[in-house]
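Each remark here refers to the structure printed beneath this line.
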Amino acid sequence: MEAQQSKHTANVSAPGAPRRSMHDAGNGHSRMLKVYAEDRDCVKAARDLAGSYLQAWGLAYAVDDARLVVSELVGNVVHHAVPDDRLSKPDARRRIDVWLINWPGLLGIGVSDEDSTPPDLPAGEFISPELADDFREALVPDRGRGLLIVQRLADAVWWSPGLKGSGKTVWARLDLDRLWAENSA
């Protein structure tokens, strides 16, 4: 498992202005975590590392939602992703990259894998709360709940193809102002 910190900061102060702390969320920063799907505790490790970084960045109010998003996205890779170039290599390890991007006002979470198959993002249909109680069994599917949970927690969910022609990244964006308001109420 590896972690890398970006070398660039956002919103750099004007020349001569005092520099803010590197842990000031206004500076913006990112981390990339690398785990392997075959490691027994890879989901827990990614979730715990994400929580630790968010705590260090002063985003304690975002930790619970972000940890759940990371858990679901990494879990999807573990259970569903088959790397494009490893179908004929049965013992090859499957790499998972977890991206945490803190930018003023938002938190981006990306999970990259080596499978180019697009994710099956749920449609996100609205069901009236009055009807939901009567049809609860029909509304909770046996499979595919992970991305539905991510869509409910995040302000936006999308995916992008890998940069080198294989793989993909599933992205979730969390609005930090919304999370702050929800957790301080």
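Observations
- Qualifying position, being touching a helix residue (DSSP H, G or I) at 6+ places or on another chain (Cβ under 8 Å) and surrounded by fewer than 22 Cβ atoms within 10 Å (Cβ to Cβ), among V78, V69, V74: V78
- Members of segment 67-82 found to be more than 28 Å from W180 (Cα to Cα) and assigned to a helix (DSSP H, G or I), listed by number: V77, V78, H79, H80
- For segment 88-136, a residue qualifies if it is at pLDDT 70 or above and among the hydroxyl-bearing types (S, T, Y), and the qualifying residues are S112, S116, T117.
- Cross-chain or 6+ apart pairs with Cβ under 6 Å, segment 150-178 first and among the hydroxyl-bearing types (S, T, Y), then outside any strand (DSSP E or B): S166/D84; S166/S116
- Hits in segment 101-116 - residues which are of a type in the set (G, A, S) and open to solvent by less than 40 Å² (accessible area, probe 1.4 Å): G105, G108, G110, S112
- The single residue among D39, D64, D85 that is out of contact with any His (no Cβ under 7 Å at 6 or more places or on another chain), among the acidic types (D, E), outside any loop (DSSP other than H, G, I, E, B) and modelled with pLDDT of 90 or more turns out to be D64.
The values are calculated or read from the model by the stated rules, or taken from the named source; none is laboratory data. Since the structure is predicted, the reported quantities are computational estimates derived from the model, not experimental observations. Cβ: placed from backbone, ideal geometry, glycine included. Neighbour counts: every protein chain shown. When the accessible area is computed, the model is the full protein with side chains, heavy atoms only, and any ligands, DNA or RNA have been set aside. Shrake-Rupley method; radii C 1.70, N 1.55, O 1.52, S 1.80 Å.
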